[in-house]
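Just so it is clear, none of the values below were taken in a lab; they were calculated from the coordinates. Note that the coordinates shown come from a computational prediction; the quantities given were computed from them, not determined experimentally. We place every Cβ from the backbone using ideal geometry, glycine too, and count neighbours over all the protein chains shown.
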Amino acid sequence: MLTQRLEALESAYHRNNFEGGQDFNKYSRFNTRLKIPNGDTLPATCEVGEIVEDGGVLKICSAADTWTTVGTQT
């Protein structure tokens, strides 16, 4: 029970706190929209897993500083 309360307290601290970070090792469900950064040029550097929208095309960082188009978008 103490562990559950501690986890709830940690979640409350991180809620709407975008200056910190929190790793989830389980499935996460979003009950709202997920906002993706957009622009007309890709960032020069990226970390694996980052997602951006570039000129209407969704891209993911598949390796350090390497952007790959998601799916069959053109």
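What trypsin sites (Lys or Arg not before Pro) does region 30-74 have in DSSP loop regions with at most 16 other beta carbons within 10 Å?
Details: sites: Arg33, Lys35, Lys59; in loops: Arg33, Lys35.
The qualifying sites are Arg33, Lys35.
Over the chain, what is the percentage of antiparallel beta bridges among all DSSP beta bridges, to the nearest 5?
80 percent
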Q. For the chain, what is the per residue volume of the convex hull drawn over the alpha-carbon atoms, in cubic angstrom?
A. 139 Å³
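Counting only helical runs of four or more DSSP H residues, what would the 222 nm mean residue ellipticity of the chain come to if each run contributes -39,500 (n - 2.57) and the total is spread over all its residues?
-5500 deg cm²/dmol
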Q | Cα-based helix-to-principal-axis angle, 2-14 vs the chain, degrees rounded to 10 | A | 40 degrees
**Q.** Within-12-Å neighbourhood charge of Asp65 [Cβ basis; K, R +1; D, E -1]
**A.** -2
